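Bear in mind these aren't lab numbers, they're just calculated from the coordinates by the rules spelled out. Here the structure is a predicted model, which is why all the values come from computation and not from measurement. Here the Cβ positions follow ideal geometry from the backbone for every residue, glycine too, while neighbour counts run over all protein chains shown.
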Amino acid sequence: MIQHPSVPIIKNEKLSKDLFKIVFRSKDLASGLRPGNFVHIRVSPEMDPLFRRAMSIYSCENDTFSVLFRAIGKGTGLLSKMREGDTVDILGPLGNSFDPPDKDETVILVAGGTGVPPLHFLAQWLLSNYGFDGQQILFLCGISSADDLPLSEAVEHLDIRMRTSSDDGSVGFKGYVSELLKTEALPYDIKKLRLYTCGPVPMLREVTKICAEQGIRCQVSLEGHMPCGIGTCLGCVVQSTRGEDEFDRICMEGPVFDSNEVLI
Amino acid sequence: MIQHPSVPIIKNEKLSKDLFKIVFRSKDLASGLRPGNFVHIRVSPEMDPLFRRAMSIYSCENDTFSVLFRAIGKGTGLLSKMREGDTVDILGPLGNSFDPPDKDETVILVAGGTGVPPLHFLAQWLLSNYGFDGQQILFLCGISSADDLPLSEAVEHLDIRMRTSSDDGSVGFKGYVSELLKTEALPYDIKKLRLYTCGPVPMLREVTKICAEQGIRCQVSLEGHMPCGIGTCLGCVVQSTRGEDEFDRICMEGPVFDSNEVLI
Amino acid sequence: MSKFDLTVEIGGVKFRNPIMTASGTFGYGEEFNEYIDLSKLGGIVTKSVTLNPRPGHKPPRTCETAGGMLNAIGLANVGVDRFITEKIPFLQTLDTNVVVNVAGFSIEEYVTVIDKLNDCDGIAMLEINISCPNVGADGLEFSGSPESAHKLTSELQKISRFPLIIKLSPNVTDIASIAKACEDAGADALSMINTLVGMGVNHNTFEPLLTNVTGGLSGPAIKPVALACVHKVYRSVKIPIIGIGGIMDHFDVAQFIIAGAAAVQFGTANFINPSCTVDAVDGLKNYLRDIDIQCIKELTGKLKV
Amino acid sequence: MSKFDLTVEIGGVKFRNPIMTASGTFGYGEEFNEYIDLSKLGGIVTKSVTLNPRPGHKPPRTCETAGGMLNAIGLANVGVDRFITEKIPFLQTLDTNVVVNVAGFSIEEYVTVIDKLNDCDGIAMLEINISCPNVGADGLEFSGSPESAHKLTSELQKISRFPLIIKLSPNVTDIASIAKACEDAGADALSMINTLVGMGVNHNTFEPLLTNVTGGLSGPAIKPVALACVHKVYRSVKIPIIGIGGIMDHFDVAQFIIAGAAAVQFGTANFINPSCTVDAVDGLKNYLRDIDIQCIKELTGKLKV
Ligand SMILES: Cc1cc2nc3c(=O)[nH]c(=O)nc-3n(C[C@H](O)[C@H](O)[C@H](O)COP(=O)(O)OP(=O)(O)OC[C@H]3O[C@@H](n4cnc5c(N)ncnc54)[C@H](O)[C@@H]3O)c2cc1C
Ligand SMILES: Cc1cc2nc3c(=O)[nH]c(=O)nc-3n(C[C@H](O)[C@H](O)[C@H](O)COP(=O)(O)OP(=O)(O)OC[C@H]3O[C@@H](n4cnc5c(N)ncnc54)[C@H](O)[C@@H]3O)c2cc1C
Ligand SMILES: Cc1cc2nc3c(=O)[nH]c(=O)nc-3n(C[C@H](O)[C@H](O)[C@H](O)COP(=O)(O)O)c2cc1C
Ligand SMILES: Cc1cc2nc3c(=O)[nH]c(=O)nc-3n(C[C@H](O)[C@H](O)[C@H](O)COP(=O)(O)O)c2cc1C
Ligand code: FES
Ligand code: FES
């Protein structure tokens, strides 16, 4: 968890109108990143935008790692314009990581939109570092429409089981990915099932509700406004289930939480 | 004098460690620019840096024009990083322009550092639009050292008379360009001499002092902090010789002034 | 588009839309005539006019700051007499509400200026700058306490032929109490905020960045402060509030209106993007469509608290 | 390099250099221990500690603004008892001055907290937050008038074993009069500024950007305001001033010192660049060489006016 003041960009690929994938080179960072971790990127040397931007890791190999993001505002807009050879100041690895499943469990990954990247990294890691078989991993990928196909394509290269849903039905199952989850989870022995999810808040609420009802063990990866990313500002908190007045810092105690630990 | 919200950059050339030349394409702008005019460039869509940056015109042909500048701070720093294909929001043409000399006059142009660009444009204009002979134009170019050679090289391609000085003597005459002026101006009939100058304030003071002493007609092009560039904020004023309490706006009444109109 | 109603009424004066320019950032409208169609604006506010002509402070008068700027122009203006002969005729040709901003160094000065303006046509309202931080004794003689603000407002209200907007300073402990005093004294509307007192230092020369040492901070940097002032005052008074401070686009306009403003003024933004005001008029229409509201008036104070 | 003397003395306490961290932006130093060598700093100031533990406000608690940020953390802290058992032991291991920031909602609360801290070792000074804008009644009970600031300061001065820094709010009409009252009441030093009251609005949802509605504005955006406060107070008091507000690098440090500060604190900057403080220590040495001054102390108040 240290500051890397000058990490070179080796590729910035435009995947769609607003989706981008940036590959960075940093041995230090790449060797320390675990699924669930995030990096905090300084997108401008000037004072506006002021905050760093948090990004989960999409993939990590040898001395490079990549993030996959949607350009939604000024920070991600600046990031999307960076080019090969530019360098950026990055803090990381930050945050905790997903608890590993047991070897004999089936893993369901439920991703919505830009929730895909951290779960892709987790799937990669399970295959390469935990000896998981592709058949043990089911990736449910929810996108809004065919415009976001690059998100599901970003997972398809993995040799795992995968289903895609889209809100408008232009790709795969028509409906929310949580609906897909209901039917896809049915065949499994709940005791041997592990679920990991990341995506927009309404989706997380739905997915964690299903898990609670069915008794599926579930971890969520949360997002939150992060001024510091390193636990000092107390800005990024989420309410804990420990009590009304209990908060956890997403950047330190998270971003990954057991779904019953937090009030999303 | 209008707003051009999206002017494409067709070339950004690094001339030295900190000198850059950017060529823009805009028929509207190129056709309206006169020597002495400046443009006001928005260097970032974000709020820091907030102000536009003022740049004199170095050259202008057909549907393109160019500026030549030194990256000295955050605004010019951002400008120096722009690349072919980027577009910028530009206001212009702004400001007044140099009064033309009479056809039979000899013209001395005294430039210091980044004072070169507007005088280069003036020389070009005299040759191409006023039918001046290259022998009628003497360009005295003062730079600090050989590091700034690109500034004198930016003028050398013109078929005019030219002398360069450098503060450290690494190029041409050793000393200030005002010293050079003293000797170079000697041979001329002062009545038939016109002087135009642009550069750092101490140099302008020296040059206008020499002109005042010798009775040479002189126009100076001034710089000043310019929030608006269009005459409304009253921020860019220079004290006028009309009286203690009289100010002129550099962006409107200038940037070109008769040397006896303003207290530099 | 025309089904969206952007009109607002302030002090009995009808405005085409809630978008105006802020005093001191738009000259007398002449320069901007080249850039934008002034008739698209709700109104324009002129540079503060004082009894006597003022040359203003010696340069440097402005500097850039993070997300903002400092100015110590020093109320440079041609004085009320030349204002009437030289500027009013042009202003009268404009198809928009002209708000004349008045500043003074004593109640008598304000009174004299208004007396002279009372004879002019083509003025919709007056805005009283009681808060310029750049001039003498902190410039806070009138904006610093409820009592002094009350006194000035009631004196001017007595003699002005035009409705009065009192422009408040944020450099006070409790802006709401001053706003209330102005309302009680008969102000037709309030505008806020004027600039925050600020300063810049050159660490190489040890000189202040402004010859006047301190100046007024404006621009996006102060938007959060301005929004908080508008919201606080909105809960304390019934007269309309005109929001000012760091407004750059129609989203900022919406934010001020939601916080409690009836209308807004664009200041520093005019320097960065001369077409910001007319762009915002168009943007505001689209915004109303998106949030499915017909009349901008309905938006005032809609903040969910 | 060692020939440059960066030491400063405040309230009888010697600081290695004038660079400290600001309360609430550096935790209790633990997190930063990973990023920087704390022994390079003049001092660190802890998050405000109150009598009782405080969970803080519900999220969202922060948002980004142009050149700055808003926060309404709500003085979240573990309370003085757990502070003493859980945080002090780590702080005692540090080779830098530890300044403990104390906040309260009544004089009695401040007194009780200080009484407890009086028994602790490893504390160099106390900083009294009399100005947190996020908590009840505008939080201005103590920082809003010279009288209340005087009363609080003199009560605390009586019982504190440690020298006291009083931290002032900029949200007042005349910060100099409050500073003077604190000095008269025996304050050893003053620090300024705490955050400006600000607010953000979401124009899509009509909700405030902070659950608490208003928050404190900090960061580069407020630097000009902070500099003006320091300069104004410097001309009014003799005790040392610690400058705070938008400081990002050693040039900013120099500007505050030239304006009148003896030392400075980095707040928001720690979030943007965790190594900003140690970088500034190094930068300051080079700067002194460039301006040819041996002792940083000589620079205080060198502004050419
Ligand atoms: C731990 C973590 C991991 C993330 N991983 C990814 C990822 O892999 N891919 C991806 O596309 N996005 C990811 N995000 C979201 C991403 O950080 C935001 O989209 C981004 O900060 C938006 O910045 P902006 O300037 O473009 O948007 P603006 O709306 O202009 O930002 C304004 C402010 O809000 C904050 N903000 C806005 N949206 C979010 C958000 N969703 N989460 C946190 N802060 C936000 C910004 O940081 C900024 O401070 C992640 C967020 C977190 C906290
Ligand atoms: C009419 C005019 C024509 C100019 N033509 C040229 C040119 O052809 N080539 C060239 O290299 N430079 C030129 N300049 C100067 C150029 O505008 C500044 O170098 C530039 O604004 C510096 O911005 P910065 O952000 O890099 O520097 P910073 O120091 O970071 O700027 C801080 C602030 O000071 C202002 N500022 C700093 N230096 C100057 C300056 N010399 N003049 C005006 N404002 C300044 C900036 O605009 C900004 O507001 C011209 C200036 C004017 C007014
Ligand atoms: C250069 C400049 C000059 C100003 N002159 C005046 C003035 O003469 N009278 C006045 O009431 N306000 C004056 N103001 C304040 C603005 O009208 C406005 O209240 C303030 O700038 C905040 O708005 P903004 O952030 O949109 O600029 C001036 C502001 C600037 C930047
Ligand atoms: C997230 C955050 C939390 C803060 N918490 C406190 C606090 O607990 N006590 C206090 O006295 N000041 C607190 N402050 C104010 C800072 O100490 C400082 O006075 C202010 O932020 C201005 O400095 P800056 O612009 O460098 O951040 C806090 C500021 C921020 C940004
Ligand atoms: S972002 Fe600062 S504590 Fe998490
Ligand atoms: S820059 Fe605004 S008047 Fe010249």
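Hey, what did chain B get for relative contact order, percent, Cα under 8 Å, at least 6 apart?
About 18 percent, as a whole number.
Return B:Asp102, B:Asp89, C:Asp81 ranked ascending by Cβ neighbour count within 10 Å, so the fewest neighbours appear first.
With the fewest neighbours first, B:Asp102, B:Asp89, C:Asp81 line up as B:Asp102, C:Asp81, B:Asp89.
Which aspartates and glutamates, on any chain, are close to B:Lys192 with Cα under 20 Å apart, when same-chain ones fewer than 8 places away are left out?
Cα-Cα hits under 20 Å: B:Asp99, B:Asp102, B:Asp104, B:Glu105, B:Asp133, B:Glu184, B:Glu213, B:Asp258.
Taking the Cα centre of the range D:8-299 as the origin, how large is its charge dipole in debye, to the nearest 20, when only Lys and Arg (+1) and Asp and Glu (-1) carry charge on their Cβ atoms?
Result for the range D:8-299 is approximately 260 debye, rounded to the nearest 20.
Could you list A:Phe38, B:Phe24, C:Phe206 in order of exposure, starting from the residue whose Cβ has the fewest other Cβ atoms within 10 Å?
The fewest-first ordering by Cβ neighbours comes to C:Phe206, B:Phe24, A:Phe38.
In nm², what is the average projected area of the convex hull enclosing the Cα atoms of the protein assembly as shown?
Answer in nm², one decimal: 45.9.
Measure off 7 Å from each Cα along the Cα-to-Cβ vector at B:Ile2 and D:Asp292, then give the distance between these two points in nanometres to one decimal.
5.5
Find every distance from the label point of D:Ile159 to the corresponding label point in the other copies (7 Å from Cα along Cα→Cβ) and write them in nm, one decimal, shortest first.
Counterpart label points of D:Ile159 in the remaining copies fall at 5.6 nm.
Per the Debye formula with a single identical scatterer at each Cα and no solvent contribution, what log10 I(q)/I(0) holds for the range A:9-107 at q = 0.14, 0.16, 0.22 Å⁻¹?
Log10 I(q)/I(0), no solvent term: -0.54, -0.68, -1.17.
Within 10 Å of each Cβ in D:270-280, how many Cβ atoms from other chains are there, averaged over the peptide?
Whole-number average of other-chain Cβ neighbours for D:270-280 is 4.
What does the convex hull of the Cα atoms come to per residue for the range A:112-172, in Å³?
Spread over its residues, the Cα hull of the range A:112-172 gives 62 Å³ apiece.
Using the 10 angstrom Cβ neighbour count as an exposure proxy, how do C:Thr62, B:Thr232 rank, fewest first?
Ranking C:Thr62, B:Thr232 by Cβ neighbours within 10 Å, fewest first, gives B:Thr232, C:Thr62.
Compute the normalised compactness of the range D:1-160: alpha-carbon radius of gyration over 2.2 N^0.38 Å, N being the residue count.
1.08
With every atom except the alpha carbons ignored, what do you get for Rg and Dmax of the range D:8-299, in angstroms?
17.7, 56
In the range B:42-149, which GluC sites (Glu not before Pro) are in a loop and have at most 14 other Cβ atoms within 10 Å, using DSSP for the loop call?
Here the sparse-neighbourhood loop sites are B:Glu84.
Taking the alpha-carbon set of the range C:188-262, what are its Rg and Dmax in Å?
Looking at the range C:188-262, its Cα Rg and Dmax stand at 15.2, 50 Å.
Using the Cα centre of the range C:8-299 as origin and beta-carbon charges of +1 (Lys, Arg) and -1 (Asp, Glu), tell me which of C:Thr85, C:Thr173, C:Ala263 is placed farthest towards the positive end of the dipole.
In the range C:8-299, that residue is C:Thr173.
Dividing the convex hull volume of the alpha carbon atoms of the range C:49-133 by its residue count, what do you get in Å³ per residue?
Output value, Cα hull per residue: 118 Å³.
Computed on alpha carbon atoms, what radius of gyration and Dmax characterise the range B:140-264, expressed in Å?
Taking only Cα atoms of the range B:140-264, I get Rg and Dmax of 16.0, 45 Å.
Magnitude of the Cβ-charge dipole of the range C:13-152, K/R +1 and D/E -1, about the Cα centre, nearest 20 debye?
Charge dipole of the range C:13-152: 180 debye, to the nearest 20.
May I ask for the Rg/Rh ratio of chain B, computed from Cα atoms with Rh as the Kirkwood radius, given to two decimals?
0.95
If R0 is 56 Å, what FRET efficiency do you get for D:Asp5 and B:Glu61 from their C-beta distance, rounded to 0.05?
Here the calculated transfer efficiency is 0.45.
Please go through the residue pairs C:Lys223/D:Lys297; B:Lys27/B:Lys81; D:Lys14/D:Lys116; D:Lys3/D:Lys232; D:Lys40/D:Lys151 and name each one whose alpha carbons sit more than 27 Å apart in this structure.
Result: C:Lys223/D:Lys297; D:Lys3/D:Lys232; D:Lys40/D:Lys151 exceed 27 Å.
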